[in-house]
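Participant: Attaching a single structure in C-alpha cells format; questions to follow.
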Amino acid sequence: MTTKLTLSVAMGDYDRTRALQDGSVRIDGVDPIFMTLSPEEAFFRAFRGGEFDVSELSLSSYALKVAQGGCPYVAVPVFLSRAFRHTAIYVRRDRIASPADLRGKRVGLPEYQLTANVWARALLQDEHGIAPTDVTWVRGGIERPGRPEKLRVQLPAGVVVEEAPTGDTLSAMLDRGDLDAFIGPRAPSCFGRNPQVAWLHADPTAAAQDYFRRTGIFPIMHVLGVRKELAALHPWLPVALYKAFDAAKAIALERLADPSAPKASLPFLEELLATTRQLMGHDYWPYGVEANRATLEAFLAHHHAQGLSPRRLAVEELFAPTTYEMAKI
C-alpha cells in the first residue's frame, strides 16, 4: 500500500480551487486536509504561527519575509487571487475631485503592507504622481478597531503612518469625514450608504482596462506557499501542487465558459467573459513564472521603492526552483 503525505492546506473558497476540494482533481502523492479560511485568518496564522503545511499567502507579506530572511514557506507560482485595484481607492468626493487632491490629505488603510495597498500606491505613483510621502496614512481596523500589522515593517523617512484613535474604525472615520480617503481590499461599510464616499476612479473598469492595455499587468495578490522543510524533504511536492492547482483552475474556466447554465450568479456573464478574453487572452488568469514575470517584476520594484522589502528582490528568489521550468507534452 502506497502511503501519501497528509498535508494541511489553507485557502479561500474559489471556483479555481473547487475541483481540488470536491476531489475532481487530486494532488499527486498527497492526502490533503483542506481548511477554507478568509485571507486575513489564513495569512495571520501562517505568518505568525506557521500553522499550515500548504497555505495561500499574501504576496506582499511573503516578499517581506523573503527579503528579511527566515520565511518558513517557499512559494509555488499559483496565484489564487488577482485583482485590478482601481476599486480599492475610496475618497470623500466633497474633498477629492481628482487624484491630485490627495496631496496633503489623510488616507486610512488597514495595514500598510497589504498587497492590495502596494498595488494601489503603485497606481497613485505611476499614474498620478502621488508618492507615499505625499499623504498622511492612518492605520486601523476597517470595521473593528485595533487591527495590527501582521509583520514588522520599517518604513523609510518621510512616510508618515498614524494609528487610528483607540476604539475607532476607518469606516466610521471616513463616514464622519475624519479621513479624506481610504485604501483597502474590502469596501468600507459607509460606501454605498454615504453619498459623499465614492471610488476615486469614476469608471474603475474602464481605467483598469486601459491600464492593462498599456502595461500588460494583471495584479497578483496571493501566492501558494509550501513549508520549506517539506519541499526540501519531498522535491516533487512543489510541482505536484502546481499541476493540481493549474488543473483545477482549467476546470473552473471551462465551467465558467459554458453558457447553458451560468456557473456564477452574474447577469451578462457570457458577454463579460468574451470581453475579458478579447482584452487579456484566452487564459487571462495565468499561473507559472514566465507568463507573470512582468507583473512580478513591477510588484517587486514597487514593494522595495515603498520601503517594505529592505532590498530589491529578484523573481528568482520567490519560487521553488523546480517550478521555474516544467516539462511540456
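Participant: Which of the residues that make up region 300-329 are in contact with a Ser or Thr (Cβ under 8 Å, 6 or more places away or on another chain) and assigned to a helix (DSSP H, G or I)?
Facilitator: Listed by number, the residues that qualify are L300, H303.
Participant: Separate question: Considering only residues that are free of Cβ contacts under 8 Å to residues at least 24 places away in the same chain and closer than 20 Å to Y73 by Cβ, which ones fall in region 214-270? I'd like the intermediate steps shown before the answer.
Facilitator: Narrowing region 214-270 to residues free of Cβ contacts under 8 Å to residues at least 24 places away in the same chain: 214, 229, 232-233, 250, 254, 257-262, 265-270.
Scanning region 214-270 gives E229, A232, L233.
Participant: Let me ask something additional. For region 277-293, which positions are polar (S, T, N, Q) and either touching a residue at least 24 places away in the same chain (Cβ under 8 Å) or surrounded by 14 or more Cβ atoms within 10 Å (Cβ to Cβ) (or both)?
Facilitator: Let us first name the residues in region 277-293 that are polar (S, T, N, Q), namely 278, 292.
The answer is N292, and nothing else.
Participant: Test each condition in (1) closer than 27 Å to A46 by Cβ; (2) out of contact with any Lys or Arg (no Cβ under 8 Å at 6 or more places or on another chain); (3) in a helix (DSSP H, G or I); (4) not β-branched (V, I, T) for P77 and report the one that comes out false.
Facilitator: All conditions are met except number (3).
Participant: Evaluate region 74-83: report whether one residue or more is farther than 26 Å from L241 by Cβ, out of contact with any Ser or Thr (no Cβ under 9 Å at 6 or more places or on another chain) and among the aliphatic types (A, V, I, L, M).
Facilitator: The answer is no; no qualifying residue exists.
For (1) exposed (fewer than 15 other Cβ atoms within 10 Å of the Cβ); (2) assigned by TED's automatic domain parsing to the domain that holds M280; (3) more than 24 Å from L296 (Cα to Cα); (4) hydrophobic (A, V, I, L, M, F, W, C), each residue gets a yes or a no:
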| position | (1), (2), (3), (4) |
| --- | --- |
| G12 | no, yes, no, no |
| D22 | yes, yes, yes, no |
| F47 | no, yes, no, yes |
| V66 | no, yes, no, yes |
| A75 | no, yes, no, yes |
| R93 | no, no, yes, no |
| I96 | no, no, yes, yes |
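Participant: Does E51 satisfy the criteria of being within 24 Å of M11 (Cα to Cα), without any contact (Cβ under 8 Å) to a residue 60 or more places away in the chain and not in a helix (DSSP H, G or I)? Spell out the reasoning first.
Facilitator: On the way: within 24 Å of M11 (Cα to Cα): yes; without any contact (Cβ under 8 Å) to a residue 60 or more places away in the chain: yes; not in a helix (DSSP H, G or I): yes.
Considered against the rule, which asks whether it is within 24 Å of M11 (Cα to Cα), without any contact (Cβ under 8 Å) to a residue 60 or more places away in the chain and not in a helix (DSSP H, G or I), E51 comes out as yes.
Participant: Filtering region 29-50 down to residues that are more than 17 Å from the chain's Cα centre (by Cα) and at pLDDT below 95, which residue is farthest from L5 (Cα to Cα)?
Facilitator: In this case the residue turns out to be R48.
Participant: Quick test for you: out of P195, P156, P188, pick the one residue that is touching a residue at least 60 places away in the same chain (Cβ under 8 Å), in a loop (DSSP other than H, G, I, E, B) and surrounded by fewer than 16 Cβ atoms within 10 Å (Cβ to Cβ).
Facilitator: The match here is P156.
The values are calculated or read from the model by the stated rules, or taken from the named source; none is laboratory data. Everything numeric in this text was worked out from a predicted model, so none of it was measured. Every residue, glycine among them, receives a Cβ derived from its backbone with ideal geometry; neighbour counts consider all protein chains shown.
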